[in-house]
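The values are calculated or read from the model by the stated rules, or taken from the named source; none is laboratory data. These numbers were taken from a predicted model, which means no experiment stands behind them. When we count neighbours, we look across all protein chains shown, and the Cβ atoms used for this are built from the backbone with ideal geometry, even at glycine.
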Amino acid sequence: MNAVVEFVNVLASKPDAVSGYKSFTLGSFTFCRDEYFAHVSWTTRSGKPMSHTLDAGNFLRALMRDVAWGFFYGWVNFDAVIGTVNRYESVDLYAGSYNGTMKEAEIDLLENFPTAQIRATFEQMLDDWTNEGFDPFAAPQETGSAHGRKRGNNTAKVTRARELAKRCVGLKGDLAMRSDTSGAPINRAFADVPQEAPELHPEPGFENDVHAFNLFAFLSRSQVTWNPSFTSVVKYSFMCPTTEEHILPIIHGNDRVEWFFQMCDEIHWDCGDKNTGKPLARVIMKAGDMAAMPAYCRHQGFSPKRSMLLVWENGSPTLAYEIQNGKSPEIPVQF
Amino acid sequence: MTAPKYHTKFGSLAHFEKGGVQSITDDVKHYAFSNCFDIASRARPFEKIVFGQNQIYVLETIRAEGNSPWYTCAHDEFALCMDGEVEIHLIQLDADQQVRDQTKNGAVLVIGEPRGQPMGWMKIRRGHQAMLPRNSAYQFRAAQPAVLIQQTCKGELSIERWADICQTA
């Protein structure tokens, strides 16, 4: 059967005569950028004009994750004001709806869009607003500036496919190991990570069953930050390791319990109420530490040095609804 | 002047530092904060101690020391070595020793000596992750204490002692 091709009408302006960037309209929201900032504007329910401004680099880093992760699980807060909620067949776009003060002041706006429509708009915005030399997935020290007037693009870097193993990295027909020849040199911060492969001694015929790989070497060659891959899969249990440096560009709001296992170095997490942003806790994680993020929280990580984090996800398609219906708890375990 | 090189900090049984939850208004128990080296340092060999749980799925910390029993499981599992060196020996288990209920979650002990065709073995060290294929029998062998993290489903061998392993205040 031929794939269904979705034709989505993206509302974009002509390039601005000075900055060179297009503006985009999605429902009642308007997005435009200038040399330094992304501006989001909307009309409140009482008819008042309202706006919000973000640094262009920070906006693009957040937009990159939202696009690449297919709107992820639950809330992708770009900052304390704007973001998206994945409803899995559609996506909410909001401004102020999960900010306690703005919600109370009734100046927030939330609109729901078919996933294809918001995805196409975000993809075009990301491509148009990302200049050559700026990679939104890279650590700040490893990329150029997002600022300035429009100059070229960086389409290859903003259209990377997520690396998702079906069973395990390195198996025949599955996600391949990273290497110099695949364009994945060892990152400067992981030059001391041992690269040797496990010893494998399969009997004839069991070469694809007696299998192990060097996960830390695999991660040492990641070219991106804050972008989990799948490396091993047990039913809907997904090992999603990732390398982290600087700040998680989004504030992730959970619609399920999410677990973090810190494999090296350290990350500091700010945790807050997912509906209001009210601070709840700080979680300091060092090598070997495990912590859960409850389904009622939003969290943002700070990694002083590039580190390896195992994000462990339950990807069950029914889990978010089970939490909403009270059939699955918001906290990881009771004791 | 050349800048100092980066040093990647790993933990081990011999040396680990724990972070922790700094509560502002929340209950620290809701974060189920623990540390695999801390757990393994206080565990008996091959106890499968759950330190991550999400519905039927778990991550277990295992202190590998000496030879483990032979295990089998109806679904794939994975073992990540966080410290030390562990051999994993595999046998393609005869059908009559496989888990009868193929929907059963978690590892079980093989009853009696495992029978079947040897599949081979592997040796993993820190950072290496091994596949434990469904319906195989597997045994861990560690000459010195080592730490494994097992990705699996909660089963009859899984041990929960959350109050002992997690930060509570």
Restricting region A:50-76 to residues that are at negative phi and assigned to a loop (DSSP other than H, G, I, E, B), the one surrounded by the fewest Cβ atoms within 10 Å (Cβ to Cβ) turns out to be A:Trp69
Scan region A:250-278 residue by residue and report those that are surrounded by 24 or more Cβ atoms within 10 Å (Cβ to Cβ), assigned to a loop (DSSP other than H, G, I, E, B) and not acidic (Asp, Glu). A:Ile250, A:Val257, A:Met263, A:Cys264, A:Lys274
Residue identified as at pLDDT 95 or above, small (Gly, Ala, Ser) and either within 20 Å of A:Phe37 (Cβ to Cβ) or crowded, with 22+ Cβ neighbours inside 10 Å (or both) among A:Ala95, A:Ala105, A:Ala120, A:Ala116: A:Ala95
Residue check: is B:Gln117 at the interface with chain A (Cβ under 9 Å from one of its Cβ atoms) and either in a strand (DSSP E or B) or modelled with pLDDT of 95 or more (or both)? yes
Here the qualifying pairs (Cβ atoms under 8 Å; residues six or more apart or on different chains; first in region A:148-176 and without any contact (Cβ under 8 Å) to a residue 60 or more places away in the chain; second surrounded by fewer than 17 Cβ atoms within 10 Å (Cβ to Cβ) and among the hydroxyl-bearing types (Ser, Thr, Tyr)) come out as A:Ala176/A:Ser182
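Would you confirm whether or not region A:27-36 contains a residue that is over 21 Å from A:Val158 (Cα atoms) and buried (at least 19 other Cβ atoms within 10 Å of the Cβ)?
Within region A:27-36 (the criterion being over 21 Å from A:Val158 (Cα atoms) and buried (at least 19 other Cβ atoms within 10 Å of the Cβ)), the answer is yes, since at least one residue qualifies.
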Return the residues of region A:304-313 that are more than 22 Å from B:Ile165 (Cα to Cα) and either at pLDDT below 95 or crowded, with 24+ Cβ neighbours inside 10 Å (or both); say none if nothing qualifies. A:Arg306, A:Ser307, A:Met308
Can you tell me which of A:Glu142, A:Glu132, A:Glu106 is in contact (Cβ under 8 Å) with a residue 60 or more places away in the chain and outside the structural domain of A:Lys235 (by TED's automatic domain parsing)? A:Glu106
Considering only region A:152-180, how many residues are in contact with a Lys or Arg (Cβ under 7 Å, 6 or more places away or on another chain) and among the acidic types (Asp, Glu)? 1
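Restricting to region A:166-212, give me the number of residues that are among the β-branched types (Val, Ile, Thr), more than 7 Å from every other protein chain (Cβ to nearest Cβ) and more than 19 Å from B:Ile88 (Cβ to Cβ).
2
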Is it true that some residue in region A:230-243 is among the small types (Gly, Ala, Ser), buried (at least 21 other Cβ atoms within 10 Å of the Cβ) and in contact (Cβ under 8 Å) with a residue 24 or more places away in the chain? yes
Is it the case that some residue within region A:227-247 is among the hydrophobic types (A, V, I, L, M, F, W, C) and not in a strand (DSSP E or B)? no
Please enumerate the residues belonging to region A:230-252 that are within 14 Å of A:Leu164 (Cα to Cα), within 13 Å of chain B (Cβ to nearest Cβ) and among the hydroxyl-bearing types (Ser, Thr, Tyr). A:Thr231, A:Ser232, A:Tyr236, A:Ser237
Flagged pairs (Cβ under 6 angstrom, 6 or more apart or on separate chains; first in region B:1-29, farther than 26 Å from B:Asp83 by Cα; second aliphatic (A, V, I, L, M)) are B:Ser23/A:Ala281; B:Ile24/A:Leu280; B:Ile24/A:Ala281; B:Thr25/A:Leu280; B:Asp26/A:Leu280; B:Asp26/A:Ala281; B:Val28/B:Val21
Among B:Cys81, B:Cys73, the single one that is under 30 Å from A:Gly288 (Cα atoms), crowded, with 23+ Cβ neighbours inside 10 Å and touching a His at 6+ places or on another chain (Cβ under 9 Å) is B:Cys81
Listed residues A:Glu203, A:Glu199; which is surrounded by fewer than 18 Cβ atoms within 10 Å (Cβ to Cβ) and touching a Pro at 6+ places or on another chain (Cβ under 6 Å)? A:Glu203
Against the definition (at the interface with chain B (Cβ under 10 Å from one of its Cβ atoms), more than 23 Å from A:Ala138 (Cα to Cα) and acidic (Asp, Glu)), how does A:Glu258 come out, yes or no? yes
Look at A:Asp289 and say whether it is buried (at least 24 other Cβ atoms within 10 Å of the Cβ) and among the acidic types (Asp, Glu). yes
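Conditions (1) without any contact (Cβ under 8 Å) to a residue 24 or more places away in the chain; (2) among the aromatic types (Phe, Trp, Tyr); (3) out of contact with any Lys or Arg (no Cβ under 7 Å at 6 or more places or on another chain), marked per residue:
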| position | (1), (2), (3) |
| --- | --- |
| A:Trp42 | no, yes, yes |
| A:Asn58 | no, no, yes |
| A:Ala68 | no, no, no |
| A:Trp75 | no, yes, no |
| A:Gly83 | no, no, yes |
